[in-house]
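Below is one structure, written out as structure tokens; comments come after it.
The values are calculated or read from the model by the stated rules, or taken from the named source; none is laboratory data. Just so you know, these numbers come straight off a predicted model, no measurement behind them. Cβ atoms come from the backbone with ideal geometry, glycine included; neighbour counts cover every protein chain shown. Just the protein is used for accessible areas: all its heavy atoms, side chains included, with ligands, DNA and RNA removed. Shrake-Rupley method; radii C 1.70, N 1.55, O 1.52, S 1.80 Å.
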Amino acid sequence: MDMDVLRRRLSSEEINALPLCHYEGPVHVVRSEADWQAALPLLREESILGFDTETRPSFRKGRRNSPALIQLATAQAVYLIQLSWLPFGPHLADLLANPVQVKAGVGIRDDMRDLAKLHDFEPAGLVDLGGVARAHKLPSQGLRTLAANFFGWRVSKGSQCSNWSLPELSARQIAYAATDAWIGRLIFVRMCELGLIPASKPATWPAVPCGGGA
């Protein structure tokens, strides 16, 4: 892929004209300790996890709700962990603190900071895709603009402001949440293929910028 193509800023009209893409693979909704114990061995064996969270929107100025959903994407499936059913604690934090496993997403430091308010831990292995894009002077730094530039796909934002604290997620919410984690993992892999992230480094990636993404 020509870097000049990646350095071109796509307009909203151009992005809206791209084909809509969503994740079509297996999705596992994790709502109990038994669900988590079934998922954990499969998550641990992955070297790269796409990562995202969803939070119930707040319509009060200055108020930010706690994350309601954690999304983790492997090469084979996406796992959606509903924190209203399975609260964030050591069982989840230990995975996110593993320094030899990449967790890739946009604005990932902010997400981890919000999770640490629920249970104190030190996340490791983080790669912020927006930070990598900024380091290479790419204009696209948000998940949807990165998907458009790197793959020519349009990712829906339709369920972004829905209520993620509901006991039962809708099919649209599940598809939206799974797509965000899946596309984050794909972008990380593509960045490695293009040499934007050094392939020879261990998964701690200490030199990769980890700022918030747009």
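Conditions (1) polar (S, T, N, Q); (2) more than 24 Å from TYR176 (Cβ to Cβ), marked per residue:
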residue	(1), (2)
VAL5	no, yes
SER12	yes, no
PRO19	no, no
ARG31	no, no
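A single entry from ALA104, ALA133 fulfils the requirement of being open to solvent by less than 10 Å² (accessible area, probe 1.4 Å), of a type in the set (Gly, Ala, Ser) and assigned to a strand (DSSP E or B): ALA104.
Name the single residue, out of those in the stretch 136-175 being assigned to a helix (DSSP H, G or I) and of a type in the set (D, E, K, R), that is farthest from ILE187 (Cα to Cα).
We begin by selecting, within the stretch 136-175, every residue assigned to a helix (DSSP H, G or I); these are 143-151, 171-175.
Retained after the next criterion (residues that are of a type in the set (D, E, K, R)): 144, 172.
Numbers: ARG144: 11, ARG172: 22 Å.
Applying the filter and picking the extreme gives ARG172.
Scanning the stretch 114-166 for residues that are in contact with a Lys or Arg (Cβ under 7 Å, 6 or more places away or on another chain) and charged (D, E, K, R) turns up ASP128, LYS137, ARG144, LYS157.
Results for (1) at pLDDT below 90; (2) in contact with a His (Cβ under 6 Å, 6 or more places away or on another chain); (3) small (Gly, Ala, Ser), shown as yes or no for each residue.
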| residue | (1), (2), (3) |
| --- | --- |
| THR145 | no, no, no |
| GLY152 | no, no, yes |
| GLN173 | no, no, no |
| THR179 | no, yes, no |
| MET191 | no, no, no |
| SER200 | yes, no, yes |
| ALA207 | yes, no, yes |
| GLY212 | yes, no, yes |
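Of the residues making up the stretch 107-130, those that are open to solvent by 40 Å² or more (accessible area, probe 1.4 Å), part of a helix (DSSP H, G or I) and touching a residue at least 24 places away in the same chain (Cβ under 8 Å) number 2.
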